[in-house]
């Protein structure tokens, strides 16, 4: 079976990957599971939170992004990321300057977040068209003092920070600038490139976790907000209803998505955070985030029926929320110039 670009489909993960996990260890509190952002290993009175993600769709800022997207995964547990490792794969005939650019970007991002880069691997890889950076981030917590993407309960309110498609907007504005500038204003493209500044969710995740009323968090990366909602519901074994009019789509994102004829809700969305909070306390979480200059909004709630995964449009019509086959970033990147 030929698989689409991007994340491996969940049924293939269950049938192939999750059946081949090596030796069992009692210390593993959370191993590979659909919808979860990382693994948890208990070591004495500490829990080690570990996550790994590649950056494959971006060219500019690839090193900086690798640190931030992996740090975000750790932060969704309510834990600050502390350590980072990377595997840097470069195309044939790459110059030393390319490696230096990536390393400097990683250094900058790690210093911004207080993360130590503790190791990794670098190589030139034959037949590779563009650089790829695979990152691994690590955080520590007191044993059991964290949340996961699978902790949501029926009736919990769903909070979204910032807006849809943040990372995809920044990548396309940077890597497809020559095409976009034929239709979009220069100011729009400059603003869209600055979406990179919104990529980190570490601050909002830790703030939300510290309220004590958050039950689950997840950062919608590949597959965008739509994919993130399904992953969070999969992890929590719940359904949901969200409201389209409550989901912020920035003007820059909307214009870029219109240009490439893609869906902003299926565009890679690092930079936004999905939070499940107790229905009676969700407004307090939103107010706290807004007070700290982080836009946040309640967009829906979780329900008990796993088959109910709906979005209500502006006219009140209820439809099933699409589960993305492939992130729409790939559709845009494959467009001919």
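The values are calculated or read from the model by the stated rules, or taken from the named source; none is laboratory data. What you see is a predicted model, and the numbers here were worked out from it, not measured in a lab. Please note: Cβ atoms are built from the backbone with ideal geometry, for glycine as well, and neighbour counts cover all protein chains shown.
General remarks:
- Here 247, 275, 299 are screened, and the one residue that is in contact with a helix residue (DSSP H, G or I) (Cβ under 9 Å, 6 or more places away or on another chain), over 22 Å from residue 148 (Cβ atoms) and modelled with pLDDT of 95 or more is 247.
- Consider the range 99-140 and keep the residues that are assigned to a loop (DSSP other than H, G, I, E, B) and in contact with a helix residue (DSSP H, G or I) (Cβ under 9 Å, 6 or more places away or on another chain). The one that is farthest from residue 59 (Cα to Cα) is 115.
- Test: residue 177 is within 26 Å of residue 323 (Cβ to Cβ) and surrounded by fewer than 20 Cβ atoms within 10 Å (Cβ to Cβ): no
- Members of the range 110-137 that are under 18 Å from residue 71 (Cβ atoms), in contact with a strand residue (DSSP E or B) (Cβ under 9 Å, 6 or more places away or on another chain) and either buried (at least 22 other Cβ atoms within 10 Å of the Cβ) or without any contact (Cβ under 8 Å) to a residue 60 or more places away in the chain (or both): 110, 114, 115, 116, 117, 118, 119, 120, 133, 135, 137
- Selection count, the range 27-45, where residues are in a loop (DSSP other than H, G, I, E, B) and under 20 Å from residue 70 (Cβ atoms): 8
- Failed item, numbered, when residue 337 is tested on (1) at pLDDT below 95; (2) within 28 Å of residue 67 (Cβ to Cβ): (2)
- Residue among 44, 35 that is surrounded by fewer than 23 Cβ atoms within 10 Å (Cβ to Cβ), touching a helix residue (DSSP H, G or I) at 6+ places or on another chain (Cβ under 6 Å) and over 26 Å from residue 121 (Cβ atoms): 35
- Of the residues examined, residue 147 is one that is more than 14 Å from residue 66 (Cβ to Cβ) and in contact (Cβ under 8 Å) with a residue 12 or more places away in the chain.
- Criterion (crowded, with 20+ Cβ neighbours inside 10 Å, assigned to a strand (DSSP E or B) and in contact (Cβ under 8 Å) with a residue 60 or more places away in the chain) met by exactly one of 73, 53: 53
- Scanning the range 180-199 for residues that are part of a loop (DSSP other than H, G, I, E, B) and exposed (fewer than 13 other Cβ atoms within 10 Å of the Cβ) yields 182, 183, 185.
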